[in-house]
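Some notes on the structure that comes next.
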Amino acid sequence: MKTLLITGGAGFIGSHVVRLFVKKYPNYNIINLDALTYAGNLENLKDIDGSPNYTFAKGDITDEVLITKLFEKYKFDGVVHLAAESHVDRSITDPFAFIKTNVFGTANLLNAAKEAWKGNMDGKRFYHISTDEVYGSLGETGLFTEETSYDPRSPYSAAKASSDHFVRAYFHTYGLPVVISNCSNNYGANHFPEKLIPLSIHNIKNNKPIPIYGKGENVRDWLWVEDHARAIDVIFHTGVDGETYNIGGNNEWTNIALIHALCEIMDRKLGRESGESAKLITFVKDRAGHDLRYAIDSSKLQRELGWSPSLQFEEGLEKTVDWYLANQEWMDNVTSGQYQTYYKKQYEER
Ligand code: NAD
Ligand code: TYD
């Protein structure tokens, strides 16, 4: 019997992790702590709501009193920490929100775990979910390994890098049993439509321009979100204390090639003529400090813990489109209200 705190479980990746753990480990007691910011959505978890091994707690990871109380109440054996501000564009307009949640919030959780577990850290684990963006930007060749020096360039990646440093500092200084993973770009169901793939699906469906920053030559390494959730399960249960594991899809695409592939799928699914959706592609002003290329070497995770991605990108993209087309109500709910103001500011007034 284990009691786990999962933070950020109402978000994109977190909801897939919570679902996997709740279904796979009926003997675990899983507490999902989420502040329900614009990115958090309990609709993502309505299929497991009511499961006897699952509890939702609304709260902020930066709240010191709350976090201490939760550790006292539930006596967590493990933490899987995903809660974060996650969108680079928002970090450019509001960096302090990222410092607060990603840096202070993580430090607050680490400190609460250290206090709660001091004297006996046996069987405990603090798992911090991070990003490949901490490594900076690659040129045309090379891959990020676990040894690549940190070189964050956006307020988002700087805040994530800082939180990673605090996690390692708590390992070395206090002996907190930590593990970290750094993953490439995820895609799949429940992805908030501020990120490239869901935003483009939404716009294509509605015959709105698809905004491509710069020339669309930036490269990302895309991983299906359920494969990330599986990697998190494997690392949480079999990773080694103090170690870092890179997670990636071995699946590099320039943004423009990806959007062309997506447009072809959308044409087919929506019964449009081939080439029709691609006419919506619109090149817009580049993102400030736009990282050119991310690509992950995940061989350590594959070799040492036996994980590998399960899905080819073309198949995953098709599944993702199918999910969005079948879940129009989800999209309607998340794109009403605040989203309209964000979209206007980000795309129409830039
Ligand atoms: P997301 O923005 O979809 O979800 C974040 C969740 O955290 C939301 O449910 C939100 O309500 C919650 N949250 C935000 N601030 C909070 C606070 N102060 N207290 C409590 N909850 C708070 O993000 P995501 O894409 O699911 O990313 C999850 C984690 O994975 C993040 O740590 C991110 O850095 C990391 N990551 C994401 C990707 C990606 O491609 N999306 C890739 C690698 C790593
Ligand atoms: P995004 O999904 O925001 O993820 P990240 O910045 O964390 O990699 O962006 C993926 C890529 O797509 C990135 O190179 C920026 C680009 N992009 C666009 O060209 N247009 C857009 O509207 C968005 C949101 C992103």
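Taken together, the values in this text are just the output of simple stated rules run on the coordinates, not laboratory data. Nothing here was measured: the structure is a model prediction, and the numbers come from that model. Heads up, the Cβs are rebuilt from the backbone with ideal geometry, glycines too, and the neighbour counts pull from every protein chain shown.
Considering every residue within segment 326-346, establish whether at least one is farther than 22 Å from residue 191 by Cβ and under 23 Å from the mean Cα position of the chain (by Cα). Within segment 326-346 (the criterion being farther than 22 Å from residue 191 by Cβ and under 23 Å from the mean Cα position of the chain (by Cα)), the answer is no, since none of the residues qualifies. I need the full set of residues from segment 171-217 which are under 19 Å from residue 294 (Cα atoms), within 14 Å of ligand 2 (Cβ to nearest atom), of a type outside the set (A, V, I, L, M) and part of a strand (DSSP E or B), in order please. Hits for segment 171-217 are 182, 183, 185, 186, 187, 213. On the stretch given as segment 315-329, residues that are out of contact with any Lys or Arg (no Cβ under 8 Å at 6 or more places or on another chain) and either in a loop (DSSP other than H, G, I, E, B) or not basic (Lys, Arg) (or both) total 10.
For segment 7-32, give me each residue that is within 12 Å of ligand 1 (Cβ to nearest atom), without any contact (Cβ under 8 Å) to a residue 40 or more places away in the chain and either more than 20 Å from residue 60 (Cα to Cα) or touching a Ser or Thr at 6+ places or on another chain (Cβ under 9 Å) (or both). Break it down stepwise before answering.
Just the residues of segment 7-32 that are within 12 Å of ligand 1 (Cβ to nearest atom), to begin with: 7-18, 32.
Cutting the leftovers down to without any contact (Cβ under 8 Å) to a residue 40 or more places away in the chain gives us 18, 32.
Residue satisfying the conditions is 32 alone.
Okay, residues lined up against (1) touching a helix residue (DSSP H, G or I) at 6+ places or on another chain (Cβ under 8 Å); (2) of a type in the set (Phe, Trp, Tyr); (3) under 22 Å from residue 153 (Cβ atoms):
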site: 77; (1), (2), (3): no, no, no
site: 85; (1), (2), (3): yes, no, yes
site: 88; (1), (2), (3): yes, no, yes
site: 103; (1), (2), (3): yes, no, yes
site: 123; (1), (2), (3): no, no, no
site: 126; (1), (2), (3): yes, yes, no
site: 129; (1), (2), (3): yes, no, yes
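Any residue that is over 23 Å from residue 11 (Cβ atoms), surrounded by fewer than 20 Cβ atoms within 10 Å (Cβ to Cβ) and away from ligand 1 (no atom under 14 Å from the Cβ) - is there at least one of those in segment 192-207?
Looking only at segment 192-207, we keep the residues that are over 23 Å from residue 11 (Cβ atoms), and these are 204, 206-207.
This time we only want the ones that are surrounded by fewer than 20 Cβ atoms within 10 Å (Cβ to Cβ), so: 206-207.
Cutting the leftovers down to away from ligand 1 (no atom under 14 Å from the Cβ) gives us 206-207.
There is at least one residue in segment 192-207 that is over 23 Å from residue 11 (Cβ atoms), surrounded by fewer than 20 Cβ atoms within 10 Å (Cβ to Cβ) and away from ligand 1 (no atom under 14 Å from the Cβ).
For segment 37-45, the criterion of being buried (at least 17 other Cβ atoms within 10 Å of the Cβ), more than 12 Å from residue 6 (Cβ to Cβ) and of a type in the set (A, V, I, L, M, F, W, C) is met by at least one residue. Residues that are part of a helix (DSSP H, G or I) and within 15 Å of ligand 1 (Cβ to nearest atom) do occur in segment 134-141, at least one of them.
For first residues located in segment 63-92 and more than 16 Å from residue 108 (Cβ to Cβ), partners that are within 16 Å of ligand 2 (Cβ to nearest atom) and in a loop (DSSP other than H, G, I, E, B) and lie 6+ apart or on another chain with Cβ distances below 6 Å form the pairs 87/194; 88/154; 91/154; 92/288. Among the criteria (1) more than 16 Å from ligand 2 (Cβ to nearest atom); (2) touching a residue at least 24 places away in the same chain (Cβ under 8 Å), the one residue 147 does not fulfil is (2).
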